[in-house]
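Undergrad: Okay, here's the structure, questions in a sec.
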2 protein chains.
Amino acid sequence: MSDRRTQILDAAATLISERGFTSTSVDDVIKGAKLSGKSHFYHYFKSKEELGYEVLNRQFERFAERGLAILREPMIDPLERLNLFIDAVVALQSESGGRRGSPFGNLAAELADAHEGFRVRIEAVFERWASQIRSLLWEARPQLHDDVDAVRLSRFIIAALEGAVLMTRVKRDLSVLEGIAADLKRFIAMHIRDGAVMQHSRNLE
Amino acid sequence: MSDRRTQILDAAATLISERGFTSTSVDDVIKGAKLSGKSHFYHYFKSKEELGYEVLNRQFERFAERGLAILREPMIDPLERLNLFIDAVVALQSESGGRRGSPFGNLAAELADAHEGFRVRIEAVFERWASQIRSLLWEARPQLHDDVDAVRLSRFIIAALEGAVLMTRVKRDLSVLEGIAADLKRFIAMHIRDGAVMQHSRNLE
DNA sequence: TGCGCATTGGACCACTTGGTCCTATCATAT
DNA sequence: ATATGATAGGACCAAGTGGTCCAATGCGCA
């Protein structure tokens, strides 16, 4: 992929995460990516919409590198991985100083009702995310109560994190996210079978 | 307050909850409220911004009627009230068929970073909401573990509900919200002191 | 040398945005 | 009778929107 293209995508990603999709104009993106003019932009993207879709994809891939990779890590106890994943979400949010949360949550709230194309794509993002957590829970099932509903629990985790990121943004206070993350871990721990021990943390002791 | 004013506010509230604040134009509101023209609108509101603020206030008051009133209900066991409150949020969402969630969550995601005026007002809404839950938890403290942190727990409840509403909107599936609501109740129940019983449900048996 | 893509730069398009201003009509309360 | 506020309707504004088109340059690759 050409250099310019990614440059445009990066600039757009920043702007969209700051101001939302509708409030980010093509001219803003052009300024942000230091292009010479409209023709230059439309040389790479056929419309603003297409730009948005590609930004969404890229953002997901980036997030996948950091967040989902942790969920898949084969050498660590699955439930331990889940905690690390939650920590990663907190860390990601910290980087922007508590502002601009998960780019998916933002776009979801902005466009879920208004723009079907985006809604479907965001749904797919959440689904891949959820399925990764589900398979992790499946892997951890020896340590979990028999009645744990992986579908429901995975949704709960995502919802709690998205909600936490949103509140953190509104309150401009990272400790909100930290507190919720800690509670979420406790909620997950609630599903652990009595007497079950994390396999890896035991080895480490 | 004049009839027209509330008519405009109602139309605006609907439009904003459907398409967001930035994507709702003054002309849209004028059409929605069946006004004769711009001058008619600006006869009642000095700017679109002011309109937005008043819509936010109204929406909060309306929500307060339904949701917060339940939290205050003096004749019901506090923890039972909390469950009823969660049910009310689910019911509210059901009315719009799983679409357009909490108007605060929507506006929060859209404007928290971009528009300080809205951010502050939304923060105030969440705070009043949280404080109502906090005082409920305080009331319920005889039934709760000593180490329950009311501030954190109240935030967790709000975050989980906001996140749940968001996911429900994205997935266009009300059962998502219902599942998360059920899990949230279980999480709250986790904080109940061993042997404690809900005062009122006992009376009813 | 020439082909094709990348880049530059700007004119231009129809349309929408929030907002102002002006005039005129109508009812109601003083 | 008169002032006040609601209603109506339209002209107008500067600025911004996404998007098109064109002409002229680079620039490397065959």
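The values are calculated or read from the model by the stated rules, or taken from the named source; none is laboratory data. Everything numeric here is computed off the predicted structure, so don't read it as measured data. Cβ atoms come from the backbone with ideal geometry, glycine included; neighbour counts cover every protein chain shown. Keep in mind that these areas ignore ligands, DNA and RNA; they rest on the heavy atoms of the full protein, side chains included. Shrake-Rupley method; radii C 1.70, N 1.55, O 1.52, S 1.80 Å.
Undergrad: Which length gain, in nm to one decimal place, applies between A:R66 and A:S175 when the Cα-Cα distance is subtracted from 0.36 nm times their residue separation?
TA: 37.1 nm
Undergrad: Bin width 5 Å, origin at 0, all Cα-Cα pairs of the range A:76-205: what percent of pairs per bin?
TA: 2, 10, 18, 20, 18, 15, 10, 5, 1, 1, 0
Undergrad: Expressed as a whole percentage, what fraction of the accessible surface of chain A belongs to carbon and sulfur atoms when a 1.4 Å probe is rolled over the protein heavy atoms?
TA: For chain A, the apolar C and S fraction of the accessible surface comes to 50 percent.
Undergrad: Would you calculate, for chain A, the mean residue ellipticity at 222 nm contributed by helices, counting each DSSP H stretch of 4 or more residues as -39,500 (n - 2.57) and dividing by all residues, to the nearest 500?
TA: Per the formula, -22500 deg cm²/dmol.
Undergrad: Does any residue of the range B:128-174 lose at least 40 Å² of accessible area with all protein chains in place compared with its chain alone, and if so which ones (probe 1.4 Å)?
TA: At a threshold of 40 Å² (probe 1.4 Å), the residues of the range B:128-174 that become less exposed are B:R152, B:R155, B:F156, B:A159, B:L166, B:M167, B:R169, B:V170, B:K171, B:R172.
Undergrad: Just the accessible area per residue of the protein assembly as shown, please: how many Å² with a 1.4 Å probe?
TA: Each residue of the protein assembly as shown exposes 45 Å² on average to a 1.4 Å probe.
Undergrad: On average, how many beta carbons from a partner chain sit within 10 Å of the beta carbon of a residue in A:187-193?
TA: Whole-number average of other-chain Cβ neighbours for A:187-193 is 2.
Undergrad: Right, here's the next one. How large is the charge dipole for the range A:50-190, taken about the Cα centre, if only the Cβ atoms of Lys, Arg (+1) and Asp, Glu (-1) carry charge, to the nearest 20 debye?
TA: Dipole magnitude for the range A:50-190 comes out near 260 debye.
Undergrad: Taking each residue in A:15-21, count the Cβ atoms of any other chain within 10 Å of its Cβ, then average. What number comes out?
TA: Mean shielding count: 3.
Undergrad: Compare the Cα positions of A:G20, A:S47, A:L79 along the charge dipole of the range A:1-111 (+1 at Cβ of Lys, Arg; -1 at Cβ of Asp, Glu; about the Cα centre) and return the one farthest towards the positive end.
TA: The residue sitting most towards the positive pole is A:S47.
Undergrad: Just to be sure I understand the rule: take each whole DSSP H helix in chain B, project its Cα atoms onto its long axis, keep it if the span is 27 Å or more and its mean Kyte-Doolittle hydropathy is at least -1.0. Which ones pass?
TA: B:116-139, B:150-171
Undergrad: Same structure again: For the pair B and A, how large is the buried accessible area, both sides, in square angstrom to the nearest 100, if the probe is 1.4 Å?
TA: Heavy-atom accessible area buried at this interface is about 4100 Å².
Undergrad: Taking the Cα centre as origin and putting +1 on Lys and Arg beta-carbons and -1 on Asp and Glu beta-carbons, what dipole magnitude results for the range A:1-46, to the nearest 20 debye?
TA: For the range A:1-46, the charge dipole is close to 160 debye.
Undergrad: Would you kindly work out, in nm and rounded to one decimal, the distances from the label point of A:N57 to those of the same position in each other copy, ordered shortest first, with label points 7 Å along Cα-to-Cβ?
TA: Between copies, matching label points for A:N57 lie 4.7 nm apart.
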